[in-house]
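Derivation of every value follows stated rules applied to the coordinates shown; laboratory data play no part. Everything numeric here is computed off the predicted structure, so don't read it as measured data. Every residue, glycine as well, gets a Cβ built from its backbone with ideal geometry; the counts of neighbours run over all protein chains shown.
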Amino acid sequence: MLMNTHEARLDGLRKELKSRGLDGFVVPISDEHMSEYVGAYAQRLAWLTGFGGSAGTAAVLAEKAAIFVDGRYTLQVRQQVDGRLFDYQSVPATSVSAWLGAEAPEGAQIGYDAWLHGKPWVDAVNKALSAKGGRLVAVEGNPIDAIWADQPAPSLAPALVHGVEYAGVSSEAKRSDVAEWLTARGLDAAVVSALDGVAWLLNLRGSDVDRTPVALSFVLAHADGTAELFIAEQKVTPELRAHLGNAVTIRPREAFVPQLQALTGKKVAVDPERSVQAVFTALEGAGAKVVELTDPTVLAKAVKNPVEQAGHRAAQARDGAAIARFLHWLSVEGPKGGETELSAAAKLQALRDESPLLRDLSFDTISGAGPNAASPHYRVTEESNRRIEPNSIYLVDSGGQYLDGTTDITRTVWIGPGEPSPEHKDRFTRVLKGHIALALAVFPKGTVGSQLDSFARQSLWQVGLDYAHGTGHGVGSFLSVHEGPQRIAKAAGGQAGTAQELLPGMILSNEPGYYKAGEYGIRTENLVLVERREFPWQDGEYFGFETLTFAPIDRNLVDCSLLTRDDLAWWNAYHAKVFEVLAPQLSGEMRAWLKGQCEPL
């Protein structure tokens with residue numbers, strides 16, 4: 001039976017839970033690999049609620065239900081999810097565990113899918129429920145899957161070899177490093193569950209998740225340098241077998257749990273942030289000694305080698321030219337009033353598609369006109385699509401997945417023909433000053449992202465303003481556009497990554513913003529590479545940022561009276577470099593337009 005309304009789906013889920021003797025169920029955006037972006041088969045929260053963001057959870061009880069999102073999605077969740085069906089809950093002010101602890105009945109049996117939740121979450125919710133004599137119950141088969149009649153199947157697209165000309169280091173060398181890491185800790189094996197960790201370790205890619213070039217699979221890495229890859233047999237090509245060689249045993253995906261259960265008495269590293277509860281259950285049930293440690297691929301993957309760095313620069317130069325062509329097009333077509341959020345996103349994708357190295361976008365383009373731009377992670381749909389009106393602000397946050405690098409860039413543009421208001425220019429310039437302050441930051445070894453976050457906020461704070469998202473996230477190398485463990489954000493709430501020291505070779509975004517609900521949003525984003533800085537008198541190691549992204553920033557929105565001499569020097573040097581990188585890729589009218597955009601302020 002097809003359930004065509006979210007009310008019918010919620011009712012269907014409650015009936016299914018009742019038939020299983022459960023008092024509730026928790027539905028996250030997640031998959032068996034704790035992925036941020038998931039395949040269509042795993043979009044259970046979107047199917048149940050209508051919510052289209054990339055982070056959120058619903059909790060369903062017999063009489064009430066709630067949806068939990070963070071500050072990025074405060075507006076979006078209200079636009080997409082029926083408030084009569086789901087109460088809106090804001091994270092981290094509250095949590096699923098706190099809400100269930102307060103709302104679940106005495107002795108409640110709350111179902112959860114152990115393949116979709118991490119151990120820390122399970123422990124926290126069990127603790128909250130136990131105060132009322134309740135507990136979490138791992139379900140056999142997800143109840144959403146039981147009622148979702150037209151649920152897509154997991155992708156069976158082939159896994160692809162990622163050549164060493166892009167990866168920079170062979171899979172054998174990477175597995176050898178992991179083996180050394182295991183031996184040094186007296187461990188026998190490590191579970192690699194995260195799809196980007198598998199992809200990085202084995203130098204393979206795939207097309208199983210929209211916008212992230214990964215293949216659905218697990219790895220068991222062993223202390224002797226061998227590994228076992230668990231993957232659907234239909235996904236394995238002769239090229240992949242030859243690439244992996246004899247030291248990697250390829251097994252069917254269904255063999256993963258039996259192989260975990262065969263590790264009786266072995267010491268196995270499992271990352272509680274990246275492996276689901278089901279992995280812990282299988283190992284502990286078999287008598288393996290589980291050691292909770294961060295997956296050894298995480299930090300190694302974050303520190304890009306010289307080949308990856310060079311590839312990223314090449315990808316950025318290519319991407320910047322597509323952005324420049326788009327911004328030129330927008331400067332001509334925008335003021336005519338005939339374009340929409342969807343038509344602009346389609347134009348930008350068409351310009352990126354001209355590169356033979358492009359494999360996908362790196363996320364769904366955030367194409368926000370006027371008030372829609374006030375949602376930091378807005379995703380345009382046919383229903384929400386707005387006209388890009390003359391004399392308004394338009395924000396576009398987008399990126400590409402190129403074979404040699406992953407890009408992510410945001411530009412905020414004034415659509416003429418009139419002039420922006422003093423408020424628009426003030427807010428834009430304060431965001432710009434924060435972006436420049438972070439771009440110019442120099443810091444000693446040992447500095448963590450949270451120590452730099454206020455650099456990007458200081459100009460907004462001075463007039464009582466702020467933004468409700470982090471300032472910077474890590475970025476992969478033809479992998480996830482959001483990559484840990486590094487990030488730049490407020491330290492409050494113990495968010496993962498803000499305690500990771502920044503190391504040379506890490507790529508991060510620099511993206512302060514400002515959002516006025518119901519009116520407009522502003523964000524300026526470039527990617528940066530952590531690099532060493534040398535001073536003749538320095539004590540210890542110092543680092544700074546190399547800016548990797550090159551595309552003009554809208555000079556029409558700048559209030560020069562707010563800029564310091566250092567701000568102006570950065571702007572002029574940056575735009576000179578933009579012209580140097582992009583002009584050879586442009587010609588005629590476009591090149592002339594770029595020259596005008598890159599003139600000194």
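In the chain, which whole DSSP H runs stretch at least 15 Å along their own axis (Cα) and average -1.0 or higher on the Kyte-Doolittle scale?
Passing helices, by number: 119-130, 171-184, 306-333, 341-352, 422-439, 449-461, 565-582.
In nm, to one decimal, how far is the Ser355 label point from the Ser454 one, both placed 7 Å along Cα→Cβ?
3.7 nm
Given H placed on each backbone N at 1.01 Å, which residues far from Val161 in sequence or on other chains put an amide H within less than 5 Å of it?
Arg205
So the label point goes 7 Å from the Cα of Glu239 along Cα→C-beta, right? Which residues of region 348-387 then have their backbone N under 18 Å from it?
Only 356-360 fall inside the zone, counting backbone N under 18 Å.
If amide H atoms are built 1.01 Å from N in the plane of the peptide, which residues on other chains or at least 5 residues away come under 5 Å of the amide H of Ala65?
Asp87
Below 8 Å between Cα atoms, with a sequence gap of 6+, how large is the relative contact order for the chain in percent? Present the calculation step by step, with values, prior to reporting the outcome.
Values: 1319 pairs, mean separation 66.0, N = 601.
Relative contact order for the chain comes out at 11 percent.
Using a simple spin-label model with points 7 Å from Cα along the Cα→Cβ vector, what separation in nm is obtained for Ala93 and Ala499?
2.6 nm
Which ³J(HN,Hα) values, rounded to whole Hz and listed in residue order, are derived for region 538-553 from phi using the Karplus coefficients 6.51, -1.76 and 1.60 in 6.51 cos²θ - 1.76 cosθ + 1.60 with θ = phi - 60°, glycine and proline given as x?
Calculated HN-Hα couplings, in order: 5, 10, x, 8, 10, 10, x, 10, 9, 6, 9, 8, 10, 6, x, 9 Hz.
Based on the Cβ-Cβ distance of Glu383 and Glu103, what FRET efficiency does E = 1/(1 + (r/R0)^6) give at R0 = 35 Å, to the nearest 0.05? Numbers along the way, then the final one.
Numbers: r = 31 Å, r/R0 = 0.88.
Efficiency, rounded to the nearest 0.05: 0.70.
Where a ≥ b ≥ c are the square roots of the eigenvalues of the C-alpha gyration tensor, would you call region 239-343 rounded, which needs a/c under 1.5, or, failing that, prolate if a/b is larger than b/c, or oblate? List each step's numbers first, then the result.
On the way: a/c = 3.02, a/b = 2.41, b/c = 1.25.
Prolate.
Using a Cα-Cα cut-off of under 19 Å, which lysines could be cross-linked to Lys64, ignoring same-chain neighbours fewer than 8 residues away?
The qualifying lysines are Lys15, Lys18, Lys132.
May I ask you to compute the full-extension gain from Ala314 to Asn556, defined as 0.36 nm times their residue separation minus their alpha-carbon distance, rounded to one decimal in nm?
Using 0.36 nm per residue and subtracting the Cα-Cα distance, I get 84.3 nm.
Around Arg411, with a cut-off of 10 angstrom between Cβ atoms, what is the net charge of the other residues, counting Lys and Arg +1 and Asp and Glu -1?
Details: positive: Arg523; negative: Asp397, Glu525, Asp554.
Neighbourhood net charge equals -2.
At what distance in nm do the modelled label points of Gln462 and Arg135 sit from each other, each positioned 7 Å from its Cα along Cα→Cβ?
5.8 nm
Count the lysine pairs in region 264-380 that are 8 or more places apart or on different chains: how many have C-alpha atoms under 24 angstrom apart? All intermediate terms of the calculation are to be shown ahead of the outcome.
Details: Lys266/Lys289; Lys267/Lys289; Lys267/Lys301; Lys336/Lys347.
Count of close lysine pairs: 4.
Thr5 to Thr183: extension gain in nm, 0.36 nm per residue of separation minus the Cα-Cα distance?
Working: separation 178, 0.36 × 178 = 64.08 nm, distance 5.39 nm.
Working it through step by step, the gained length comes to 58.7 nm.
As I understand it, the dipole of the chain uses +1 on the Cβ of Lys and Arg and -1 on the Cβ of Asp and Glu, about the Cα centre. Which of Gln259, Gly285, His222 lies farthest toward its positive end?
The listed residue farthest towards the positive side: Gly285.
Output the antiparallel fraction of DSSP beta bridges having both residues in the chain, as a percent to the nearest 5.
Working: 62 of 82 bridges.
The antiparallel proportion sits near 75 percent.
Val169 to Leu601: FRET efficiency via 1/(1 + (r/R0)^6), r the Cβ-Cβ distance, R0 56 Å, to the nearest 0.05?
Details: r = 42 Å, r/R0 = 0.75.
Step by step, r from the Cβ atoms, then E = 0.85.
Using a Förster distance of 56 Å, how high is the FRET efficiency between Leu568 and Glu63, based on the Cβ-Cβ distance and rounded to 0.05?
Values: r = 60 Å, r/R0 = 1.08.
In this case the efficiency is close to 0.40.
Can you list the HN-Hα couplings for region 253-270, worked out from phi with the Karplus curve (6.51, -1.76, 1.60; θ = phi - 60°), rounded to whole Hz and with x for Gly and Pro?
4, 5, 7, 4, 5, x, 5, 4, 5, 7, 8, 3, x, 8, 9, 10, 7, 9
Using each residue's phi in region 221-227, evaluate 6.51 cos²θ - 1.76 cosθ + 1.60 at θ = phi - 60° and report the 3J(HN,Hα) Karplus result to the nearest Hz, with x for Gly and Pro.
Working through the residues one at a time gives 9, 10, 6, 9, x, 7, 8 Hz.
Among the aspartates and glutamates, select those whose C-alpha is under 18 Å from the C-alpha of Lys433, and discard any that sit fewer than 8 residues away in the same chain.
Glu423, Asp453, Asp466, Glu511, Glu525, Glu546, Asp554, Asp559, Asp566, Asp567
Add +1 for every Lys or Arg and -1 for every Asp or Glu among the other residues with Cβ under 12 Å from the Cβ of Asp295, and state the total.
Details: positive: Arg274, Lys301; negative: Asp196, Asp271, Glu273, Glu292.
Neighbour charge sum, excluding Asp295 itself: -2.
Full extension from Glu541 to Glu423: what is 0.36 nm times the residue separation minus their Cα-Cα distance, to one decimal in nm? The partial results should precede the final answer.
Values: separation 118, 0.36 × 118 = 42.48 nm, distance 4.12 nm.
Fully extending the segment from Glu541 to Glu423 adds 38.4 nm.
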